[in-house]
1. Of the conditions (1) surrounded by 15 or more Cβ atoms within 10 Å (Cβ to Cβ); (2) without any contact (Cβ under 8 Å) to a residue 60 or more places away in the chain, Ala80 fails just one. Which one is it?
2. If you go through region 118-139 one residue at a time, how many are open to solvent by 50 Å² or more (accessible area, probe 1.4 Å), in contact with a helix residue (DSSP H, G or I) (Cβ under 9 Å, 6 or more places away or on another chain) and modelled with pLDDT of 90 or more?
3. Out of Ala115, Ala107, Ala165, I need the residue that is aliphatic (A, V, I, L, M), open to solvent by less than 90 Å² (accessible area, probe 1.4 Å) and not in a helix (DSSP H, G or I). Which one?
4. Please work out which residue is farthest from Arg53 (Cα to Cα), limiting yourself to region 91-101 and to residues that are open to solvent by 60 Å² or more (accessible area, probe 1.4 Å) and touching a Phe, Trp or Tyr at 6+ places or on another chain (Cβ under 8 Å).
5. Can you list the helices (runs of 4 or more DSSP H) lying wholly within region 11-98 that have 3 or more residues being more than 25 Å from Ile170 (Cβ to Cβ) and in contact with a Ser or Thr (Cβ under 8 Å, 6 or more places away or on another chain)?
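The values are calculated or read from the model by the stated rules, or taken from the named source; none is laboratory data. Keep in mind the model is a prediction, meaning the values are calculated, not measured. Note that each Cβ is placed from the backbone with ideal geometry, even for glycine, and that neighbours are counted across all protein chains shown. Side chains are part of the model used for accessible areas, which takes the heavy atoms of the whole protein and leaves out ligands, DNA and RNA. Shrake-Rupley method; radii C 1.70, N 1.55, O 1.52, S 1.80 Å.
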Amino acid sequence: MVFTQTDLAAKQLGLLHELAPKAAIIAVLGDPNQPELELELRDIEAAGRAIGRQILIVKAASEREFNAAFGTVVQAHAGALLVRGSPLFLTRRRQLVALAVRHALLASYTSRDYAEVGGLMSYGPSITDAYRRVGIYVGRILKGAKPADLPVEMATKFDLVINLATAKAIDLDNSADAAGAR
C-alpha cells in the first residue's frame, strides 16, 4: 500500500487512538517551519473528527518553545500526543521523549529513532527499505538510465515500533485508562 504524507499522518493518528482509545483530546506537535505541516494538520483534524476526538494543535519552531508547547498540552488535559516529523524534532528527540515521559503523555512519533531513545511508539517509512531502494536507483543510473526519466517512488514499507520497556515503565494498560480521564 502506498501512503501520501497526509495519509500517513491519519494512519499515525489512528494507531495512537488505538493505543489511547479513551483520550478525548489528542494533541499534535508540529514544527511550523515544515512546509507540509498545514496540509497534514488539516488531514489530522479531519481524521480526528472521524473518530470523534478533539485535536489540539501545538507548534514549536525552536527548542526554546518545547516546554511551552508541552505546557499547553498538559493544561488542555490531552490524553495522547502525536509528534510530527521535523529535522529539528529528530535532532532533539531525546528532549521531546523526556518531556512526554515527564508529563505522562502517551506519545507517538514518526520514526523509530524516537522509540530507540525511550519513546513509546513510532510509525513511519522504513529507512532500511528506503536505503535499499536508493541502491536500486543508483544501479539504474550506473547502467545508463537518466535520473530525470526515473519515476518518483513513495514508501511502500512501514515500521511500527513499540518500546516495550517504556510501555511497561508507564504501565501502559493503566496509562491508557488514565488518558481517558483527562
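1. (2)
2. Within region 118-139, the first condition is being open to solvent by 50 Å² or more (accessible area, probe 1.4 Å), and the residues that meet it are 125, 127-128, 131-134, 136-138.
Pick out the ones that are also in contact with a helix residue (DSSP H, G or I) (Cβ under 9 Å, 6 or more places away or on another chain) and you get 125, 127, 137.
Checking the rest, the ones that are also modelled with pLDDT of 90 or more come to none.
Final tally of qualifying residues: 0.
3. Values: Ala115 fails: not in a helix (DSSP H, G or I); Ala165 fails: not in a helix (DSSP H, G or I).
Being aliphatic (A, V, I, L, M), open to solvent by less than 90 Å² (accessible area, probe 1.4 Å) and not in a helix (DSSP H, G or I) holds for just one of Ala115, Ala107, Ala165, which is Ala107.
4. Residues of region 91-101 that are open to solvent by 60 Å² or more (accessible area, probe 1.4 Å), as a first pass: 91-94, 101.
So of that shortlist, the ones also touching a Phe, Trp or Tyr at 6+ places or on another chain (Cβ under 8 Å) come out as 92-93.
Values: Arg92: 28, Arg93: 26 Å.
Checking each candidate, the answer is Arg92.
5. Details: elements: 37-50, 66-75, 87-91.
By residue number, 37-50.
Here's the yes/no breakdown for (1) in contact with a helix residue (DSSP H, G or I) (Cβ under 8 Å, 6 or more places away or on another chain); (2) of a type in the set (Gly, Ala, Ser); (3) open to solvent by 20 Å² or more (accessible area, probe 1.4 Å):
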| residue | (1), (2), (3) |
| --- | --- |
| Pro32 | no, no, yes |
| Glu36 | yes, no, yes |
| Asp43 | yes, no, yes |
| Gly48 | yes, yes, no |
| Gly52 | no, yes, yes |
| Ala60 | yes, yes, no |
| Ala69 | no, yes, no |
| Val74 | no, no, yes |
